[in-house]
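The values are calculated or read from the model by the stated rules, or taken from the named source; none is laboratory data. Predicted model, so just to flag it, every value in this text is computed and none were measured. Virtual Cβ from ideal backbone geometry, glycine too; neighbours counted across all protein chains shown.
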Amino acid sequence: MALPLRYHRPVPVQSQSYASTWDPFSEIDDLWSRMTNLFDQVAPDRATRDTSAWVPVVEAEEHDDGYVVKAELPGLKREDVDIDVRDRELIIRGETTTRDEEGKESTKTETMLRRRSGSFYYRTSLPADVDTKSITASMRDGVLSVDLPRGQEESARKVEITSE
């Protein structure tokens with residue numbers, strides 16, 4: 001989504017009354033500037049952030065024997081996804097490229113399907129009772145499932161993805 005451009009109106013030099021000098025657009029401009037400053041304070045690195053990055057749809061479930069984190073990654077292969085566990089955090093990242101598929105011609109019009117592309121990144125903190133040495137991951141039909149069993153072991157490692 002693109003943000004609207006700001007328009008700066010010239011301020012009149014001389015005025016005869018308050019009604020003739022009041023400019024509602026200058027108030028909007030002032031509000032715009034204050035909101036920009038507020039966003040700069042909250043997220044100062046937003047200008048350098050990668051705009052092609054996206055976050056997959058992720059859900060987490062708790063079971064008696066542990067936790068399961070599921071991420072929707074349609075069209076991705078397991079080679080395109082990296083899972084790391086370090087400092088009590090689960091990190092899922094990867095990259096997909098644009099693929100165009102031309103559809104069948106119907107009534108003299110061609111259809112084209114364009115899929116999401118770019119890098120993705122997801123990070124979440126792990127509960128204290130997760131056994132990080134026993135974490136497993138599998139991918140089936142575009143859904144990545146990461147099993148986080150309960151335990152007390154803690155270490156940093158890379159998790160390999162298997163197919164179901």
**Prompt:** What tally of residues in the stretch 72-98 results from selecting those that are closer than 21 Å to Ala156 by Cα and not charged (D, E, K, R)?
**Reply:** 7
**Asked** Just one of Glu164, Glu154 is at pLDDT below 85 and surrounded by 14 or more Cβ atoms within 10 Å (Cβ to Cβ); which is it?
**Response** Glu154
**Item:** Number of the exception - Ala128 against (1) surrounded by 12 or more Cβ atoms within 10 Å (Cβ to Cβ); (2) at pLDDT 65 or above
**Value:** (1)
**Request:** Kindly check whether there is at least one residue in the stretch 58-65 that is of a type in the set (Gly, Ala, Ser), under 30 Å from Ala156 (Cα atoms) and at pLDDT 70 or above.
**Result:** yes
**Message:** Please verify whether Pro149 is part of a strand (DSSP E or B), farther than 18 Å from Gly75 by Cα and more than 20 Å from the chain's Cα centre (by Cα), treating the condition exactly as stated.
**Reply:** yes
**Filtered residues of the stretch 127-152 (kept if over 15 Å from Asp65 (Cβ atoms) and not polar (S, T, N, Q))** = Ala128, Lys133, Ala137, Met139, Arg140, Asp141, Gly142, Val143, Leu144
